[in-house]
Amino acid sequence: MAKKVAVIGAGVSGLSSIKCCLDENLEPTCFERTSDFGGLWKFADTSKDGMTRVYRSLVTNVCKEMSCYSDFPFREDYPNFMSHEKFWDYLREFAEHFGLLRYIRFKTTVLSVTKRPDFSETGQWDVVTETEGKRDRAVFDAVMVCTGQFLSPHLPLESFPGIHKFKGQILHSQEYRIPDAFRGKRILVVGLGNTGGDIAVELSGIAAQVFLSTRTGTWVLSRSSPGGYPFNMIQTRWLNFLVRVLPSRFINWTHERKMNKILNHENYGLSIAKGKKPKFIVNDELPTCILCGKVTMKTSVKDFTESSVVFEDGTTEANIDVVIFTTGYEFSFPFFEEPLKSLCTKKIILYKRVFPPNLERATLAIIGLISLNGSILVGTEFQARWATRVFKGLCSIPPSQKLMAEATKMEQLIKRGVIKDTSQDKLDFITYMDELTQCIGAKPSIPLLFIKDPRLAWEVFFGPCTPYQYRLVGPGRWDGARNAILTQWDRTLKPLKTRIVPKSPEPTSLSHYLIAWGAPVLLVSLLLIYKSSHFLELVQGKLPRRFPPYRLLWYMPQNS
């Protein structure tokens with residue numbers, strides 16, 4: 001008899017979890033409190049239902065080849081970066097193709113998830129739900145929580161002196177949908193993440209003035225790299241290797257030099273404050289809006305008056321009509337009891353960011369509570385692939401006593417300042433994907449691949465680390481993975497080639513460049529690591545323009 005699994009939420013991670021359950025012959029039941037799937041990607045004009053939704057103008061910041069389910073590529077005619085409508089269409093195609101919708105119970109809220117009295121032996125859970133006023137109780141062998149990390153808005157008003165005196169409009173970015181209501185107003189946007197940058201840019205087109213306040217600053221990335229290729233496509237295994245072996249000071253220096261060569265961040269008021277962790281946003285228009293005076297960068301807020309804002313640098317902006325806080329979200333699991341509720345919010349102590357450490361049986365998985373320098377969709381899929389195999393007993397994790405001891409020790413070391421709290425840091429995409437897939441035996445062996453299939457091996461090692469790589473071997477192997485990898489650049493270029501210029505010169509073959517220069521470049525790179533401050537300039541130009549090696553250092557987080 002198949003084990004019954006409760007999946008809470010039918011967003012990106014919920015759909016991943018349903019499919020992974022089916023792949024492992026488990027019996028999923030998904031509970032979704034709204035009337036449709038897609039989570040925050042299902043646009044709605046208002047936020048009255050308390051759900052976090054995308055704003056109408058949102059465009060994805062991870063390209064399609066790097067943000068698809070690993071056995072279901074986007075159609076070749078889809079743009080590389082797409083509107084929320086297009087992305088939701090893809091989710092619909094995925095759900096329909098694999099027959100996922102019949103496992104979802106819509107308009108159903110999960111009220112409680114509690115361990116059964118015999119949990120230590122069975123690992124089973126009591127799940128209480130409510131559908132249109134009618135309550136139901138069911139027993140499940142495992143639970144996958146897929147509510148994501150955008151559930152409860154974080155609005156720290158107490159951290160802003162005088163905010164209660166302010167007579168203008170105050171809202172969290174969760175409430176923002178369209179710019180129309182803000183026409184002609186003077187607006188302060190607090191917080192410079194991807195959302196803050198997007199909202200500031202969009203409002204700058206109709207507002208009287210937009211001020212953008214940041215405590216830390218940020219590096220601003222474009223969606224395209226040299227040559228016009230999607231910047232995510234330079235996320236390759238061999239460049240990731242170089243970043244790990246090169247000295248951190250060299251990486252940081254190179255990163256700052258190259259980023260400021262594109263855009264002098266200090267001149268634009270965007271540079272990272274001294275002592276602050278580096279962070280990145282993707283925004284093609286923000287520098288132009290600053291250059292044109294439509295957006296004015298400001299330091300952190302010091303005080304509010306009835307209609308003005310005083311900033312830490314002593315400047316004041318008067319007649320502010322609206323303040324929009326883009327201050328993120330809090331993790332919330334209202335259906336759990338303590339201490340499980342609190343433990344699940346501390347993602348740093350979740351085993352591999354998935355399993356709570358205090359359970360005798362590993363039958364509860366938190367899917368999607370991660371930050372990556374890559375696609376969250378891909379991360380949730382691989383979390384779900386691993387979790388479902390743990391549920392079946394095909395993969396094991398350390399006993400709870402060991403996990404709790406390690407978690408307690410880690411918290412103590414962080415409290416004493418011995419180690420850094422990295423819970424807010426973004427995980428390295430390739431490293432984390434390799435870690436999860438190694439647990440299930442789906443990580444490709446590069447040396448073996450070079451022996452068996454050299455052409456594919458070149459693409460896997462030197463090309464973009466697309467999700468299809470993790471369907472080449474092991475459980476969940478997909479026969480179409482090899483072809484998906486070898487044709488990924490075709491799907492990337494297809495939506496761009498809507499106007500073919502006669503006699504346009506063809507780019508030199510990728511395989512030709514790699515065969516000619518791949519091995520020598522690797523050898524030279526190792527020899528010059530500590531000897532040449534011009535290492536990356538040497539490598540530049542020796543590889544195909546699709547993969548300029550120094551570009552990875554522009555986009556990868558700095559080593560600390």
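The values are calculated or read from the model by the stated rules, or taken from the named source; none is laboratory data. Predicted model only: the values in this text are computed from it and were never measured. All Cβ positions, even for glycine, are placed from backbone atoms using ideal geometry, and neighbour counts span all protein chains on display. Accessible surface areas use protein heavy atoms only, side chains included; no ligands, DNA or RNA. Shrake-Rupley method; radii C 1.70, N 1.55, O 1.52, S 1.80 Å.
Of the residues Thr218, Thr195, Thr214, the single one that is touching a residue at least 40 places away in the same chain (Cβ under 8 Å), touching a Lys or Arg at 6+ places or on another chain (Cβ under 6 Å) and either farther than 27 Å from Cys63 by Cα or assigned by the TED database to the domain that holds Asp321 (or both) is Thr218.
So which residues in the stretch 120-140 are at negative phi, open to solvent by less than 40 Å² (accessible area, probe 1.4 Å) and not hydrophobic (A, V, I, L, M, F, W, C), if there are any at all? Before the answer, list the steps.
Residues of the stretch 120-140 that are at negative phi, as a first pass: 120-122, 124-131, 134-140.
Going one step further and asking which of them are open to solvent by less than 40 Å² (accessible area, probe 1.4 Å), we end up with 125-129, 138, 140.
Once the filter is applied, which keeps residues that are at negative phi, open to solvent by less than 40 Å² (accessible area, probe 1.4 Å) and not hydrophobic (A, V, I, L, M, F, W, C), the stretch 120-140 yields Asp126, Thr129.
Of the set (1) out of contact with any Ser or Thr (no Cβ under 9 Å at 6 or more places or on another chain); (2) assigned by the TED database to the domain that holds Val127, all apply to Met144 but (1). With respect to the conditions (1) open to solvent by 20 Å² or more (accessible area, probe 1.4 Å); (2) modelled with pLDDT of 95 or more; (3) out of contact with any Leu (no Cβ under 9 Å at 6 or more places or on another chain); (4) more than 28 Å from Asp479 (Cα to Cα), Thr108 falls short on a single one, namely (1).
Would you check if there is a residue in the stretch 233-241 being open to solvent by 50 Å² or more (accessible area, probe 1.4 Å), among the polar types (S, T, N, Q) and either assigned to a loop (DSSP other than H, G, I, E, B) or more than 24 Å from Lys443 (Cα to Cα) (or both)?
Of all residues in the stretch 233-241, those open to solvent by 50 Å² or more (accessible area, probe 1.4 Å) come to 241.
Then keep just the ones that are among the polar types (S, T, N, Q); that gives none.
Scanning the stretch 233-241, I find no residue that is open to solvent by 50 Å² or more (accessible area, probe 1.4 Å), among the polar types (S, T, N, Q) and either assigned to a loop (DSSP other than H, G, I, E, B) or more than 24 Å from Lys443 (Cα to Cα) (or both), so the answer is no.
Of all residue pairs spaced 6 or more apart or on separate chains, those with beta-carbon atoms under 6 Å, a first member in the stretch 75-90 that is touching a residue at least 12 places away in the same chain (Cβ under 8 Å) and a second member that is open to solvent by 70 Å² or more (accessible area, probe 1.4 Å) are Glu76/Lys494.
As for the stretch 379-399, it holds at least one residue that is free of Cβ contacts under 8 Å to residues at least 24 places away in the same chain and over 25 Å from Glu27 (Cβ atoms). Scanning the stretch 460-470 for residues that are open to solvent by less than 30 Å² (accessible area, probe 1.4 Å) and either part of a helix (DSSP H, G or I) or not β-branched (Val, Ile, Thr) (or both) gives Val460, Phe462, Gly463, Pro464, Cys465, Pro467, Tyr468, Gln469, Tyr470.
Hey, does the stretch 61-75 have a residue that's part of a strand (DSSP E or B), modelled with pLDDT of 95 or more and not acidic (Asp, Glu)? Yes - at least one qualifying residue is present in the stretch 61-75. In the stretch 476-505, the residue that is farthest from Phe462 (Cα to Cα) out of those that are assigned to a helix (DSSP H, G or I), touching a residue at least 40 places away in the same chain (Cβ under 8 Å) and open to solvent by less than 90 Å² (accessible area, probe 1.4 Å) is Pro495. The set of residues in the stretch 370-399 being part of a helix (DSSP H, G or I), open to solvent by 10 Å² or more (accessible area, probe 1.4 Å) and β-branched (Val, Ile, Thr) consists of Ile376, Val390.
Let me confirm something: among Ile367, Ile349, Ile324, which residue is farther than 28 Å from Trp41 by Cα, open to solvent by less than 40 Å² (accessible area, probe 1.4 Å) and among the β-branched types (Val, Ile, Thr)?
Numbers: Ile367 fails: farther than 28 Å from Trp41 by Cα; Ile324 fails: farther than 28 Å from Trp41 by Cα.
Of Ile367, Ile349, Ile324, the one residue that is farther than 28 Å from Trp41 by Cα, open to solvent by less than 40 Å² (accessible area, probe 1.4 Å) and among the β-branched types (Val, Ile, Thr) is Ile349.
Would a scan of the stretch 179-202 turn up a residue that is open to solvent by 50 Å² or more (accessible area, probe 1.4 Å) and in a strand (DSSP E or B)? Yes, there is a match, as at least one residue in the stretch 179-202 is open to solvent by 50 Å² or more (accessible area, probe 1.4 Å) and in a strand (DSSP E or B).
Matching residues to (1) within 20 Å of the chain's Cα centre (by Cα); (2) modelled with pLDDT of 95 or more:
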site: Lys3; (1), (2): no, no
site: Ala6; (1), (2): no, yes
site: Ala10; (1), (2): yes, yes
site: Ser13; (1), (2): yes, yes
site: Ser16; (1), (2): yes, yes
site: Arg33; (1), (2): no, no
site: Leu40; (1), (2): yes, no
site: Phe43; (1), (2): yes, no
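Within the stretch 400-413, being open to solvent by 40 Å² or more (accessible area, probe 1.4 Å) and touching a residue at least 40 places away in the same chain (Cβ under 8 Å) holds for Met404, Glu406, Met410, Glu411. Taking first residues from the stretch 293-311 that are touching a residue at least 60 places away in the same chain (Cβ under 8 Å) and aromatic (Phe, Trp, Tyr) and partners that are surrounded by fewer than 18 Cβ atoms within 10 Å (Cβ to Cβ) and assigned to a strand (DSSP E or B), the Cβ contacts under 7 Å between residues at least 6 apart in sequence or on separate chains come to Phe311/Lys302. Out of all the residues in the stretch 423-441, is one or more open to solvent by 60 Å² or more (accessible area, probe 1.4 Å), not charged (D, E, K, R) and not in a helix (DSSP H, G or I)? Yes.
Look at Lys258 and say whether it is surrounded by 14 or more Cβ atoms within 10 Å (Cβ to Cβ) and among the basic types (Lys, Arg). If you could, list the steps in order and put the result at the bottom.
Working: surrounded by 14 or more Cβ atoms within 10 Å (Cβ to Cβ): yes; among the basic types (Lys, Arg): yes.
When the stated conditions are applied, Lys258 passes them.
Quick check, is Pro117 open to solvent by 30 Å² or more (accessible area, probe 1.4 Å), outside the structural domain of Phe31 (by the TED database) and either assigned to a strand (DSSP E or B) or of a type outside the set (A, V, I, L, M, F, W, C) (or both)? In short, no. Residues in the stretch 331-376 that are acidic (Asp, Glu) and either without any contact (Cβ under 8 Å) to a residue 12 or more places away in the chain or not assigned by the TED database to the domain that holds Thr408 (or both): Glu338 only.
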